[in-house]
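Provided herewith is a single structure, encoded as structure tokens, for subsequent inquiry.
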Amino acid sequence: MRLVFRVGGSVVASPVNTDLMKKYVEVLLSLKMHGHDVVVVVGGGALARQFINIAQNLGLEMTAQDEVAISVSRLFAQLFLKKFGSAACSNVSVTLEDVAEGLRAGKIVVMGGLKPGITTDTVAALVAEQVNADLLVKGTDQDGIYNKDPRKYRDAVKLDHISFEDLDSVFSESQHTAGIHQIIDPEAVKVLKRARVKLVVVNGFDPENFLAAVNGEKIGTIVN
Ligand code: UTP
């Protein structure tokens, strides 16, 4: 299968959890060994948000704020890439063309952000569309998608399965702001819907959840 994984910065980088990063590398390497094509998109987490704040305090505009956050996400991507060793491309991918080229070379592809004005969720979705992925799995800091924000509402219910159409109603309207955090960026959902790529949102604190999602087990929230 052709697989795109989105590792939340909120999971591995807020605070930085090197044990968890190592486990991710093991799990993703094992998927590669089993013959799957693997693309990993990493976010910048708390450090990216810290840099966004610094940029804001300097009076820099949104594009510059996004750019520094992208740089931070690429640093985390670089750490993953180095840890994958020769199984991965020699550099962090910074364009969709790099991704296609890395996959053609039979390597694990690792990337952070792509361009200002989007989130790494949308990067992962654009990659999935570009390479005709079979599945996008997002590892986040919640057990899946809820019918409303579980951090605000105690009666929020986790959804085991939802269609792309119904998912629209779960989101409130939102415009891009640097550092915006939602369970999954609605912009990414739009891309996945048009590209017909299945999405599974799982708790990212257990990398085994990625394996379960790939194996088609009932885990997190399945969106298709
Ligand atoms: P994310 O919010 O996508 O990363 O990017 P994250 O930390 O992994 O997110 P969680 O863990 O799912 O919450 C951080 C910020 O980087 C900028 C945006 O400002 C975004 O909010 N960014 C990221 C871009 O501008 N372009 C990109 O391609 C990626």
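The values are calculated or read from the model by the stated rules, or taken from the named source; none is laboratory data. In this text, all values refer to a predicted model and were calculated from it rather than measured experimentally. Here Cβ is always computed from backbone atoms with ideal geometry, including for glycine, and neighbour counts include all displayed protein chains. Surface accessibility is based on the protein's heavy atoms, side chains included, excluding ligands, DNA and RNA. Shrake-Rupley method; radii C 1.70, N 1.55, O 1.52, S 1.80 Å.
Taking the range 75-105 as the region of interest, how many residues are more than 15 Å from the ligand (Cβ to nearest atom), open to solvent by less than 40 Å² (accessible area, probe 1.4 Å) and more than 25 Å from ALA46 (Cβ to Cβ)?
Here the count works out to 6.
Same structure again: What helices (runs of 4 or more DSSP H), lying completely within the range 1-101, carry at least 1 residues that are touching a Lys or Arg at 6+ places or on another chain (Cβ under 6 Å)?
18-33
Yes or no, residue by residue, for (1) more than 11 Å from the ligand (Cβ to nearest atom); (2) buried (at least 18 other Cβ atoms within 10 Å of the Cβ):
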site: GLY9; (1), (2): no, yes
site: ALA13; (1), (2): no, yes
site: VAL16; (1), (2): yes, no
site: LYS22; (1), (2): yes, no
site: LEU29; (1), (2): yes, no
site: HIS34; (1), (2): yes, no
site: VAL38; (1), (2): yes, yes
site: VAL42; (1), (2): no, yes
site: LEU47; (1), (2): no, yes
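Exactly one of (1) away from the ligand (no atom under 12 Å from the Cβ); (2) closer than 15 Å to VAL127 by Cβ is unmet by ILE70. Its number?
For ILE70, the exception is condition (1).
Listed here are the residues, each with its yes/no results for (1) at pLDDT below 95; (2) among the small types (Gly, Ala, Ser); (3) within 16 Å of the ligand (Cβ to nearest atom); (4) loosely packed, with under 13 Cβ neighbours inside 10 Å.
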{"position": "GLU173", "(1), (2), (3), (4)": "yes, no, no, yes"}
{"position": "LEU199", "(1), (2), (3), (4)": "no, no, yes, no"}
{"position": "ASP206", "(1), (2), (3), (4)": "no, no, yes, no"}
{"position": "VAL214", "(1), (2), (3), (4)": "no, no, no, no"}
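Right, here's the next one. Just one of (1) modelled with pLDDT of 90 or more; (2) surrounded by 12 or more Cβ atoms within 10 Å (Cβ to Cβ); (3) more than 15 Å from the ligand (Cβ to nearest atom) trips up GLN142, so point out which.
The single condition GLN142 does not satisfy is (3).
Moving on to the next point. Do you know which residues across the range 64-74 are open to solvent by 10 Å² or more (accessible area, probe 1.4 Å) and in contact with a helix residue (DSSP H, G or I) (Cβ under 9 Å, 6 or more places away or on another chain)?
Passing the criteria: ALA64, GLN65, ASP66, GLU67, VAL68, ALA69, ILE70, SER71.
Taking the range 150-164 only, how many residues are at pLDDT 90 or above and of a type in the set (Asp, Glu)?
Summing the residues that are at pLDDT 90 or above and of a type in the set (Asp, Glu) in the range 150-164 gives 1.
Also, quick follow-up: Counting only residues that are assigned to a helix (DSSP H, G or I) and either within 15 Å of the chain's Cα centre (by Cα) or touching a residue at least 12 places away in the same chain (Cβ under 8 Å) (or both), how many does the range 102-145 have?
The total comes to 13.
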